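Below you'll find the structure, written out as structure tokens, and then a few comments.
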């Protein structure tokens, strides 16, 4: 760690330490920004360095050591502290300022499978795919968890995902379980909630052909003996494609109904579907009201973050007796 001194800041090592009561997701978000800053200084690329193009082989031993330290610090769950009305108001105002609009030009009226085939439907968990488009560089790992994929982060991913039930919302033609297996990571099940898949490909994650905003989703999953899930991932899917504000409310009611205590819902980016001012404002209001209901109910820890230049947020459903927290 002594090598950090040559970056001109002797406190960099200390900044990687987990702060008291800092949530796991807040810690990973904060330290990923710090590590990216260190890489930019080390490489001399400055702002030209793009972490979402970086491969493990491109990272120095010093940086790999920093990432390893970060994964060790991230292993334990924090103890939530009481949420105040001021905290809730501040985080909601922060999220409100960050909400973007998704133009979805290629899916202006997303009503059928052919429209969605023009979008990124084969997103990987770890693997950065070849191609110039930004979506080729965005993975579930580097947008929902941590921007770098290294040996130590894969060990961490195994620890937090082994044996878990994972729900993809609008996962397209994902084959995440197959990819995770190649990396010695064994979730119990990965289910893809997507109404726009007519035929499932070999080795693809099982598809449940229903909208994530459908009120019947919990009942449909119970018919498959799924009463609750440990992880919910919405990667450039909902709520960005939902038109009706009530669908956005239904979405978060479903998330609340399905997420197990101790589980995480990870949503990126924080966007609503584009439209006229009235439509956009109604969608934003539905999103904010939904989050406010979850936060002030005291059942959730919420963390706002940025990945690949866009905002996102994580909802951590606390175990019984837990107190909501924002970061």
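For the range 16-32, the set of residues classified as exposed (fewer than 15 other Cβ atoms within 10 Å of the Cβ) and more than 19 Å from residue 301 (Cα to Cα) consists of 17 only.
As a summary of the residue check, residue 242 satisfies the conditions (1) in a loop (DSSP other than H, G, I, E, B); (2) touching a residue at least 60 places away in the same chain (Cβ under 8 Å) except for the one numbered (2). Per the listing 267, 295, 248, the residue uniquely surrounded by 20 or more Cβ atoms within 10 Å (Cβ to Cβ), in contact (Cβ under 8 Å) with a residue 12 or more places away in the chain and part of a strand (DSSP E or B) is 267. Residues of the range 47-60 include at least one that is more than 20 Å from residue 307 (Cβ to Cβ), touching a helix residue (DSSP H, G or I) at 6+ places or on another chain (Cβ under 9 Å), at pLDDT 90 or above and not in a helix (DSSP H, G or I). In the range 310-327, the residue that is farthest from residue 228 (Cα to Cα) out of those that are in contact with a helix residue (DSSP H, G or I) (Cβ under 9 Å, 6 or more places away or on another chain) and modelled with pLDDT under 75 is 327. Any residue in the range 152-167 that is closer than 30 Å to residue 66 by Cβ, without any contact (Cβ under 8 Å) to a residue 12 or more places away in the chain, assigned to a helix (DSSP H, G or I) and not assigned by TED's automatic domain parsing to the domain that holds residue 54? Yes. With respect to (1) part of a loop (DSSP other than H, G, I, E, B); (2) more than 25 Å from residue 175 (Cα to Cα); (3) touching a helix residue (DSSP H, G or I) at 6+ places or on another chain (Cβ under 6 Å), the lone exception for residue 305 is condition (1).
Out of curiosity, is residue 225 surrounded by 22 or more Cβ atoms within 10 Å (Cβ to Cβ) and farther than 25 Å from residue 304 by Cβ? Walk me through how you get there before you give the answer.
Details: surrounded by 22 or more Cβ atoms within 10 Å (Cβ to Cβ): no; farther than 25 Å from residue 304 by Cβ: yes.
No, not satisfied.
When each of 278, 262 is tested for being free of Cβ contacts under 8 Å to residues at least 24 places away in the same chain and either surrounded by fewer than 16 Cβ atoms within 10 Å (Cβ to Cβ) or assigned to a helix (DSSP H, G or I) (or both), the lone residue that passes is 278. Just one residue in the set 176, 144, 191 is crowded, with 22+ Cβ neighbours inside 10 Å, touching a strand residue (DSSP E or B) at 6+ places or on another chain (Cβ under 6 Å) and within 28 Å of residue 244 (Cα to Cα); that residue is 144.
The values are calculated or read from the model by the stated rules, or taken from the named source; none is laboratory data. Bear in mind the structure is a predicted one, so any value in this text is a computation, not a measurement. So basically every Cβ, Gly included, is an ideal-geometry build from the backbone, and we count neighbours across all protein chains shown.
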